[in-house]
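Student: After the structure tokens below, expect a handful of questions from me.
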Amino acid sequence: MLESLIQTLAIAALPVIFAITLHEAAHGYAARHFGDPTAWLQGRISLNPLRHIDLFGTILIPIAILIFSGGSFLFGYAKPVPVDFSRLRKPKQDMFWVAAAGPGANLFMALCWAFMLKLSWLLPSSEYTLPLAEMSKIGIMVNCVLMVLNLLPLPPLDGGRIAVSLLPHALAWKFARIERWGFPILLVLLFTGILGAVMNPLVGLSARAIEAIFGLY
């Protein structure tokens with residue numbers, strides 16, 4: 001049991017760390033592109049995961065969730081990349097792209113892992129192809145989970161910021177005020193099972209769509 005868990009952790013480590021940290025880096029890249037250098041000035045625009053890893057959110061919490069879920073679920077977070085939306089050239093409009101960059105990075109990574117899974121099937125069987133296949137499967141699922149979760153229209157999730165950018169000013173201002181209650185609301189949804197009921201079909205649909213693109217049947 002312990003050996004199996006260690007193997008799962010070793011295989012899951014790379015896709016989980018990159019899924020979480022590159023999501024945050026994408027926000028920083030997008031913010032700089034649209035005029036806010038805050039993340040860049042703090043050295044947070046980097047593909048180096050070490051710059052984004054949070055001890056609890058990126059390492060301890062994912063390990064704990066993996067253990068208590070019996071290896072069936074993974075979730076975590078990185079240190080949020082600082083974004084000063086007031087410094088964007090068109091704050092309300094550009095907020096959409098900065099927020100969407102994170103889920104967009106997860107979609108890109110899910111596609112990359114799907115390609116790696118297909119490659120593992122095409123390569124001659126060896127001691128590396130099975131671990132690569134298992135790592136790729138985790139990479140697809142973790143990135144789909146993070147993409148779907150962050151697209152939920154609840155501030156401060158990316159989907160909430162996207163909604164704020166699209167709503168008329170009066171409604172956007174009122175909706176943005178929910179942000180201070182966003183995390184408690186998310187916890188309530190999680191522990192009541194509502195979050196899973198909403199996310200599971202969407203995550204499954206996303207994963208199947210990505211797998212279909214690469215013929216992973």
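The values are calculated or read from the model by the stated rules, or taken from the named source; none is laboratory data. From a predicted model like this one, the values you see are computed outputs, not experimental measurements. As a convention, Cβ positions derive from the backbone with ideal geometry for all residues, glycine included, and neighbour counts pool all protein chains shown.
Student: Scan the stretch 198-217 residue by residue and report those that are crowded, with 16+ Cβ neighbours inside 10 Å and either touching a strand residue (DSSP E or B) at 6+ places or on another chain (Cβ under 7 Å) or part of a helix (DSSP H, G or I) (or both).
Tutor: Answer for the stretch 198-217, where residues must be crowded, with 16+ Cβ neighbours inside 10 Å and either touching a strand residue (DSSP E or B) at 6+ places or on another chain (Cβ under 7 Å) or part of a helix (DSSP H, G or I) (or both): 199, 202, 203, 206, 207, 210, 211.
Student: Scan the stretch 91-144 for residues that are assigned to a helix (DSSP H, G or I) and farther than 22 Å from residue 215 by Cβ and report the count.
Tutor: 15
Student: Just checking, does the stretch 156-166 include any residue being surrounded by 14 or more Cβ atoms within 10 Å (Cβ to Cβ), in contact with a helix residue (DSSP H, G or I) (Cβ under 6 Å, 6 or more places away or on another chain) and not in a helix (DSSP H, G or I)?
Tutor: Yes: the stretch 156-166 contains one or more residues that are surrounded by 14 or more Cβ atoms within 10 Å (Cβ to Cβ), in contact with a helix residue (DSSP H, G or I) (Cβ under 6 Å, 6 or more places away or on another chain) and not in a helix (DSSP H, G or I).
Student: Being surrounded by 13 or more Cβ atoms within 10 Å (Cβ to Cβ), assigned to a helix (DSSP H, G or I) and at pLDDT below 90 is the filter here, so list the residues in the stretch 32-56 that pass it.
Tutor: Matches in the stretch 32-56: 39, 40, 49, 51.
Student: Can you find even one residue in the stretch 189-197 that is surrounded by 12 or more Cβ atoms within 10 Å (Cβ to Cβ), in a helix (DSSP H, G or I), out of contact with any Leu (no Cβ under 6 Å at 6 or more places or on another chain) and touching a residue at least 24 places away in the same chain (Cβ under 8 Å)?
Tutor: No, there is no match, as no residue in the stretch 189-197 is surrounded by 12 or more Cβ atoms within 10 Å (Cβ to Cβ), in a helix (DSSP H, G or I), out of contact with any Leu (no Cβ under 6 Å at 6 or more places or on another chain) and touching a residue at least 24 places away in the same chain (Cβ under 8 Å).
Student: Related question: When the residues of the stretch 167-188 are narrowed to those that are in contact with a helix residue (DSSP H, G or I) (Cβ under 9 Å, 6 or more places away or on another chain) and not aliphatic (A, V, I, L, M), which ends up surrounded by the fewest Cβ atoms within 10 Å (Cβ to Cβ)?
Tutor: 169
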